[in-house]
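Computed from the coordinates by the stated procedures, all read-outs in this text should not be read as laboratory data. Keep in mind the model is a prediction, meaning the values are calculated, not measured. Here the Cβ positions follow ideal geometry from the backbone for every residue, glycine too, while neighbour counts run over all protein chains shown.
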Amino acid sequence: MASERDFPDSAPHLPARGIVGHFHLPMQNDTGDRRFTLDVKLDLPGRGVTGIFGPSGSGKTTLLRCIAGLQSCDNGSLSVNGEPWQFAHNPRKTLAVHRRPLGFVFQQPSLFPHLSAEQNLTFARKRAWQKVSPTEYDQIIALMGIEHLLRQYPAALSGGEQQRIAIARALLVKPRLLLMDEPLASLDQMRKREILPYLEKLHRALDTPIIYVSHSVEEIARLADHLLLMDSGKIQRQGPAASILSRTDFPVQLGDDLGVLIQARIAERNSEWHLARAEFDGGHLWLRDSGEAAGEFIRVRILARDISLTLNEDTRSSILNRLPVKVQEISADRDPAMVLLRLQPSGDQATVHGESHLIARITRRSLQELAITEGSELWAQIKSVAIVR
């Protein structure tokens, strides 16, 4: 059992719930020169998806390898939902890689080429930490939508299909923690969009905590509940994904990907126009119907570049989504020709304590010509086709 010295935030004689630990590791480049030091203290939720985001070379994959035990870090400590895996003061008690009850999905599927998809899964099932029942096996197969692929060999599968097999394989070891290291990085855009819905289903269906490394804002926005931003081996910011991704001062350069992440509920589906009306605490939005049932919660991203502003409501426009807003803050953009506006929905449908807001990027010239200042009341226009699902 770990001591409080190993996990200082834990209760007496019991490691804290969640994923708690500390890794301190000098990083070197190919020539052996020190590049930076990985210095990360983890205190992550014990369920849901934690996204790790940052530029290339920021230490994301190294951190994941430390958690898995693939990267030696003698002074590291780690507990996962109360189970001690690594001890800073007693390395002999640290669990080796093969004794850590985790699943790992890499960038490349790495399936055994001489085994069929089903045989690859059977290999993992035999090595599960607990017995996998036939029902559990069938549920994982259905979850990843691979029933029709089981008799195929890896060479006959697309990259997205191989990765779905690899994810199912990782789940079949019945891990207490699932690590995913840029699992979509080797796929083209079409294959990424093919597999993302399966990852969303995985997120909703599993209680197993997932740590998901990516440099894609789209993936993080669709999947992550909690977000950890890294740069130069350190955590720059962490917290709820919706909150961090909706900041005008996001510490990583996003460019055209800057925007807000909103949770909404499907309130209505219009079969005639193939549209759905989604309600959130700032009003409602019309967007393309993707088949979700009424009452189902979804995430949407509204990018700053896709919001236009008018002084009065423009009803003679093809834009369906028009929201009354109040300017909360005006800040400089990295582009000197642009400014960023933080907007608070202010219509009758906006809740009094609503946390949702919008970010608009407009030119400084538009700011001056419309005489927009903090406190100005405007109308935000958002094209349905621009809303990112």
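In table form, for the structure just shown:
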quantity	calculated
The stretch 111-178 versus the stretch 188-210: alpha-carbon centroid distance in Å	15
Hypothetical label at Gln107: residues of the stretch 49-68 whose amide nitrogen lies under 20 Å (7 Å Cα-Cβ projection)	51-68
Cα-based shape type of the stretch 19-243, given that a ≥ b ≥ c are square roots of the gyration tensor eigenvalues and the cut on a/c is 1.5	prolate
Global form of the stretch 46-91, assessed from the alpha-carbon gyration tensor, a/c cut-off 1.5	oblate
Lys pairs, the stretch 19-243 - Cα-Cα below 20 angstrom, 8 or more residues apart or on other chains	7
Relative contact order of the chain, defined on C-alpha pairs under 8 angstrom at six or more residues apart (%)	14
The chain - mean residue ellipticity at 222 nm from DSSP helices (-39,500 (n - 2.57) per run, n ≥ 4, rounded to 500)	-5500 deg cm²/dmol
Euclidean distance of C-alpha centroids, the stretch 289-345 and the stretch 40-85, integer Å	35
For the chain, with +1 on Lys and Arg beta carbons and -1 on Asp and Glu, the positive-most of Gly347, His357, His98 along the dipole	His98
Protection proxy ranking, peptides 216-224, 286-294, average beta carbon neighbours within 10 Å, highest first	216-224, 286-294
Size of the stretch 103-177 as Cα extents on the principal axes (Å, biggest first)	31, 23, 21
Using θ = phi - 60° and Karplus 6.51 cos²θ - 1.76 cosθ + 1.60, couplings along the stretch 107-113 (whole Hz; Gly, Pro as x)	4, 9, x, 6, 6, 6, x
Stretchable slack from Arg247 to His215, in nm (0.36 nm times residue separation minus alpha-carbon distance)	9.8 nm
Cα gyration tensor category, rounded, prolate or oblate, for the stretch 184-239 with a/c compared to 1.5	oblate
Förster radius 25 Å - calculated FRET efficiency between Arg265 and Thr135, Cβ distance, rounded to 0.05	0.20
Inter-site label distance for Glu118 and Ser290 at 7 Å from Cα along Cβ, in nm	3.3
Alpha-carbon centroids, the stretch 256-282 and the stretch 359-384: separation in whole Å	22
Nonlocal amide H pairs with Phe104, under 5 Å, H built at 1.01 Å	Leu179
Sequence ranges 230-243, 323-336, ranked by mean other-Cβ count within 10 angstrom, highest first	230-243, 323-336
Burial ranking of peptide ranges 75-85, 305-315 (average Cβ count within 10 Å, highest at the top)	75-85, 305-315
From phi via Karplus (6.51, -1.76, 1.60), per-residue ³J(HN,Hα) for the stretch 39-55 in Hz, x at Gly/Pro	9, 10, 9, 9, 8, 9, x, x, 8, x, 10, 9, x, 10, 10, x, x
